[in-house]
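Visitor: Below you will find the structure I want to go over with you.
The values are calculated or read from the model by the stated rules, or taken from the named source; none is laboratory data. In this text, all values refer to a predicted model and were calculated from it rather than measured experimentally. Here the Cβ is made from the backbone with ideal geometry for all residues, glycine too, and neighbour counts use every protein chain on show. Side chains are part of the model used for accessible areas, which takes the heavy atoms of the whole protein and leaves out ligands, DNA and RNA. Shrake-Rupley method; radii C 1.70, N 1.55, O 1.52, S 1.80 Å.
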Amino acid sequence: MNISVSELIVRYLERLGIDTIFGMPGAHVLPIYDRLHDSSVKSVLVKHEQGAAFMAGGLARVSHRPAACIATAGPGATNLITGIANAYAERLPVLAITGETSTYIFGRGGLQESSGEGGTIDQGALFASITRYHKLIERTDYLGQVLNQATQVLLGREPGPVLLSIPYNVQKEMVDDSVLEQIHFPRKAAIRNTASVTELAGLIRDARTPVIIAGHGCIQAGARDVVSTLSETFNIPVTTSLKAKGVVAEGTPLSLGCLGVTSNGEAYRYLVEHADLLVFLGAGFNERTSYLWDAKLLGNKKIAQVDRDAAQLGRVFQPDVAICGDIRAVAEDVFAALEACDMPPKSREHLDGHQAAAPAAAGDSRAAPAEPFHLIRSFFGELAQRFPHNALVFDDNIVFAQSYFDVSDRNHYFPNSGISSLGHAIPAAIGARCYAKDSPTFAILGDGGFQMCCMEMMTAVNYGIPLNVVVINNGTLSLIRKNQYQLYGERYIDCDFVNPDFGLLAQSFGVAHYRVETGSDLDAMFDKADLTGGINLIEILLDKHAFPRYLSAR
Ligand SMILES: Cc1ncc(C[n+]2csc(CCOP(=O)(O)OP(=O)(O)O)c2C)c(N)n1
Ligand SMILES: [Mg+2]
């Protein structure tokens, strides 16, 4: 049957299982919007296309499925860029559909033309380095092949964003709907282990104080339970990267918490003082996790590394054993090998001593009100207690959560780890909530970041999407202020600013507002606010002179 290309694109979205598309119409994408009317795909109108890309990213991150955004030619497409770049860095399967001027006016200076012809801006070039596949679809004869290639990227083992840019006239052309049959859905192939599981099991057997460093690869591989079992059965403590917080429930005896320059330093201390074997499971060793590649972390230790991506093996350190393979499968094999050789659990002597010497656990800090972060600390403590299992927490601040937020093994914590762009948390949380419809959803961010994307709160209002925005009101770009204090002799420039009245802002948005200045304000907020079904703007006050003690690299 003959259908328009626009209709075909909408059917393609349905085939991918996409039920929500985030975006803003413009004349050059109206044919596709028109076809959305009669489809199962619901469109969500955003305030800025950057928000649409972040929303799609948030949805993909929570659902592990493709998500989509749509924008018009020219400025619509360029506004998507930061969000798509973030999806690229996070390897999220985000499909961006953009319009373009009609092919027959390419190069003649059409309104918002971004074909790259005749000196116009070139969408393809702009997106080339932030997508895994991009195509300006100028004809229909290869449409099936293009959609198939897009599918392989979106559903493949190493997903990433895809841009399909479709000129206005092409959107209105007719094609046979059998084009859709050319799309193949890739199967998730199990990768074979290429190195010796027995060798890794041997390293663990011979170690006195092994530590697992769990990364996001454990979450991607669905390996949380296996890692926990490995840890508990053999008394192997686990520390995680920021993105893998909660792979083993934090606050439990074998969790060392998070490893990284902005964390409380406990995991670092254990690694340096006690560990004799580090087992990296799907974890990178980036600037933050590695404390700027601190040699003490790896020194005098055996190192094992398991990653599904061969390119990660040995990228920043030399492992004694490296295994390229599915993390869950390798962890299961290692567990079986250790059971088969009757390995006794490791002694907890060092771990117990280490934990006894550690400062009080996060979350009980109202005991120390003089401490400038006590409200934030208490907030995270309450959050962990009240929503131990099903909250979605999108966090652009990350510094505080790394020390104060105990993530349970089922709590979903999403740090802004992609390209670390301000303005991410609110739209990403909105996108995630469109998928996880019963999960209390939090966007945590600073007041600088808030003002980059706060209008997307109105998107939540427009569609009745429950959301809790927690803004840390310190009237400054704290990280910048901290750097200027530590590294530039207190020569402050362009860090402080005046905030809007958040109460009035919330009122004008029609959402609830809570101003948290004291511990009792915080208690009152937790008691009164509908954090599951409402839309709330929660403002936590913080002295602008207070910042965590860690030192930024530059
Ligand atoms: C889009 C973007 N621009 C600039 C930065 C650089 N940057 C990193 S943190 C920061 C300050 C953030 O201030 P705020 O959101 O108020 O959070 P605070 O540090 O005060 O808690 C800035 C400007 C960035 N990460 N992203
Ligand atoms: Mg701030």
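Visitor: Condition (residue is at pLDDT 90 or above, closer than 20 Å to GLY314 by Cβ and touching a Ser or Thr at 6+ places or on another chain (Cβ under 7 Å)) applied to the stretch 199-211: is it met by at least one residue?
Guide: Yes; the residues of the stretch 199-211 include at least one that is at pLDDT 90 or above, closer than 20 Å to GLY314 by Cβ and touching a Ser or Thr at 6+ places or on another chain (Cβ under 7 Å).
Visitor: Evaluate the following for GLU539: is it within 16 Å of ligand 1 (Cβ to nearest atom), in contact with a Gly (Cβ under 6 Å, 6 or more places away or on another chain), modelled with pLDDT of 95 or more and open to solvent by less than 40 Å² (accessible area, probe 1.4 Å)? If you could, list the steps in order and put the result at the bottom.
Guide: Details: within 16 Å of ligand 1 (Cβ to nearest atom): yes; in contact with a Gly (Cβ under 6 Å, 6 or more places away or on another chain): no; modelled with pLDDT of 95 or more: yes; open to solvent by less than 40 Å² (accessible area, probe 1.4 Å): yes.
So GLU539 fails the test.
Visitor: Can you list residue pairs whose Cβ atoms sit under 7 Å apart, with the first residue in the stretch 440-462 being in contact (Cβ under 8 Å) with a residue 60 or more places away in the chain and the second being open to solvent by less than 10 Å² (accessible area, probe 1.4 Å) and near ligand 1 (Cβ under 10 Å from one of its atoms)? Count only pairs 6 or more apart in sequence or on different chains.
Guide: The qualifying pairs are CYS453/GLY423.
Visitor: Now a separate question. Just name the residue that is nearest to LEU59 (Cα to Cα) out of those in the stretch 4-19 that are open to solvent by 10 Å² or more (accessible area, probe 1.4 Å) and not polar (S, T, N, Q).
Guide: ASP19
Visitor: Still on this structure, I have one more. Kindly evaluate GLN182 against the criterion of being within 21 Å of the chain's Cα centre (by Cα), modelled with pLDDT under 95 and open to solvent by 50 Å² or more (accessible area, probe 1.4 Å).
Guide: Working: within 21 Å of the chain's Cα centre (by Cα): no; modelled with pLDDT under 95: yes; open to solvent by 50 Å² or more (accessible area, probe 1.4 Å): yes.
Against the criterion (within 21 Å of the chain's Cα centre (by Cα), modelled with pLDDT under 95 and open to solvent by 50 Å² or more (accessible area, probe 1.4 Å)), GLN182 does not qualify.
Visitor: Looking at (1) open to solvent by 20 Å² or more (accessible area, probe 1.4 Å); (2) under 27 Å from the mean Cα position of the chain (by Cα); (3) touching a residue at least 60 places away in the same chain (Cβ under 8 Å), which is the one condition that is false for ASN286?
Guide: So ASN286 meets the others, but not (3).
Visitor: Here are TYR33, TYR104: which of them is in contact (Cβ under 8 Å) with a residue 60 or more places away in the chain and of a type in the set (Phe, Trp, Tyr)?
Guide: Of the residues listed, the single one that is in contact (Cβ under 8 Å) with a residue 60 or more places away in the chain and of a type in the set (Phe, Trp, Tyr) is TYR104.
Visitor: Does the stretch 20-42 contain at least one residue that is crowded, with 24+ Cβ neighbours inside 10 Å, within 24 Å of the chain's Cα centre (by Cα), of a type outside the set (D, E, K, R) and in a loop (DSSP other than H, G, I, E, B)?
Guide: Within the stretch 20-42, none of the residues are crowded, with 24+ Cβ neighbours inside 10 Å, within 24 Å of the chain's Cα centre (by Cα), of a type outside the set (D, E, K, R) and in a loop (DSSP other than H, G, I, E, B).
Visitor: Would you say ASP530 is under 26 Å from the mean Cα position of the chain (by Cα) and either among the basic types (Lys, Arg) or open to solvent by 60 Å² or more (accessible area, probe 1.4 Å) (or both)?
Guide: yes
Visitor: Just one of (1) loosely packed, with under 15 Cβ neighbours inside 10 Å; (2) in contact (Cβ under 8 Å) with a residue 12 or more places away in the chain trips up PRO466, so point out which.
Guide: Checking PRO466 against (1) loosely packed, with under 15 Cβ neighbours inside 10 Å; (2) in contact (Cβ under 8 Å) with a residue 12 or more places away in the chain, the one that fails is (1).
Visitor: Grab the helices (runs of 4 or more DSSP H) fully contained in the stretch 386-500, keeping just those with 3 or more residues being within 16 Å of ligand 2 (Cβ to nearest atom) and either within 24 Å of ALA60 (Cα to Cα) or of a type in the set (S, T, N, Q) (or both).
Guide: Those helices (runs of 4 or more DSSP H) span 447-453, 478-487.
Visitor: Could you grab the pairs with beta carbons closer than 6 Å, sequence gap of 6+ or different chains, first residue in the stretch 107-126 and within 16 Å of HIS28 (Cα to Cα), second one at pLDDT below 95 and among the basic types (Lys, Arg)?
Guide: Within 6 Å, no pair qualifies.
Visitor: Exactly one of (1) touching a Pro at 6+ places or on another chain (Cβ under 6 Å); (2) among the acidic types (Asp, Glu); (3) at positive phi is unmet by GLU490. Its number?
Guide: (1)
Visitor: Then there is this: Report every pair of residues separated by at least 6 positions or lying on different chains whose Cβ atoms are under 6 Å apart, first residue within the stretch 333-358 and more than 16 Å from THR229 (Cβ to Cβ), second open to solvent by 40 Å² or more (accessible area, probe 1.4 Å).
Guide: Final answer for the pair search is HIS350/HIS274.
Visitor: Taking the stretch 501-517 only, how many residues are touching a residue at least 12 places away in the same chain (Cβ under 8 Å) and assigned to a loop (DSSP other than H, G, I, E, B)?
Guide: Total satisfying the criteria: 3.
Visitor: Here is a follow-up. Looking only at residues that are under 27 Å from the mean Cα position of the chain (by Cα) and closer than 25 Å to SER478 by Cα in the stretch 500-515, which one is surrounded by the fewest Cβ atoms within 10 Å (Cβ to Cβ)?
Guide: If we take residues in the stretch 500-515 being under 27 Å from the mean Cα position of the chain (by Cα) and closer than 25 Å to SER478 by Cα, then HIS513 is surrounded by the fewest Cβ atoms within 10 Å (Cβ to Cβ).
Visitor: Can you tell me which residues in the stretch 469-493 are more than 9 Å from ligand 1 (Cβ to nearest atom) and either in contact with a His (Cβ under 7 Å, 6 or more places away or on another chain) or open to solvent by 50 Å² or more (accessible area, probe 1.4 Å) (or both)?
Guide: Within the stretch 469-493, TYR485, GLN486, LEU487, TYR488, GLY489, GLU490, ARG491, TYR492, ILE493 meet the criteria.
Visitor: Only one of (1) open to solvent by 20 Å² or more (accessible area, probe 1.4 Å); (2) under 25 Å from the mean Cα position of the chain (by Cα) fails for ALA267. Which number is that?
Guide: That leaves (1) as the condition not met.
Visitor: Of everything in the stretch 438-468, what is β-branched (Val, Ile, Thr) and within 16 Å of ligand 1 (Cβ to nearest atom)? Give them in sequence order.
Guide: Within the stretch 438-468, just ILE444 meets the criteria.
Visitor: Something else about it: Let me spell it out: the conditions are (1) surrounded by fewer than 16 Cβ atoms within 10 Å (Cβ to Cβ); (2) without any contact (Cβ under 8 Å) to a residue 40 or more places away in the chain; (3) of a type in the set (Gly, Ala, Ser), and GLY222 meets all of them except one. Which number is the exception?
Guide: Here GLY222 meets the rest and fails (2).
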